[in-house]
Amino acid sequence: PDEEVIAVDPEMLGRIFENLLAIQSDDTKEAARKNAGAFYTPRPIVSYMCRSVLHRHLGVEINKANSKTIVQKLMDTKVLDPACGSGAFPMGMLEEMMNILDQVDPNGTNWVAQVMKSEDADFRSHVSEMFEAGQVRYVKKLGLIRNCLYGIDLLGYAVEITKLRCWLSLIIEQEIDLQIHSENYGLKPLPNLDFRF
């Protein structure tokens, strides 16, 4: 009964990543980041870069009239960050893709139609169940993370931070039912991201 709803700010995870680099090195904090080539890019810059690239990639006006074309292009899009660090760019791209999907396919019908073409029967069942439960944003994010986003980094813990950010962005989209006495309050298991990041 005393639980508080809290959120972990993705900006904070980026700062933690930078500070972990300083702990790993005997150099100064600045030198450690410079030697590893790790710099946290502020959210407004990430957002601008992702939006610019995505709009150019889609090549059509972002509106409901182009919904099917945009949904198909998004489904076919592969985004690779070859130095993902704490996941600023994959998460920025996820948010920009979500913004576009929310504009062109707010109820998610076109997106779900594309996702349901998956050969994975368990995945199709999961998507169908969550969509019928009204968790449209969760279904959209899960599809984007599963089909579109990839990242690589030399530092193993950087990749783990990126996966954590993906999981956090998914978990906040799930509806929690504190009245259910089942395991995890009705939350679904998070996806395995080992082959994505």
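The values are calculated or read from the model by the stated rules, or taken from the named source; none is laboratory data. Computed from a predicted structure; not experimentally measured. With ideal geometry, Cβ positions are generated from the backbone for all residues, glycine too; neighbour counts draw on all protein chains shown. Note: accessible area is taken over every heavy atom of the protein model, side chains too, but ligands, DNA and RNA are not part of it. Shrake-Rupley method; radii C 1.70, N 1.55, O 1.52, S 1.80 Å.
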When residues of the stretch 122-132 are filtered for being open to solvent by less than 60 Å² (accessible area, probe 1.4 Å) and of a type in the set (Gly, Ala, Ser), how many remain? 1
Closer than 25 Å to Asp76 by Cβ and either open to solvent by 30 Å² or more (accessible area, probe 1.4 Å) or free of Cβ contacts under 8 Å to residues at least 40 places away in the same chain (or both) - does that describe any residue in the stretch 175-189? no
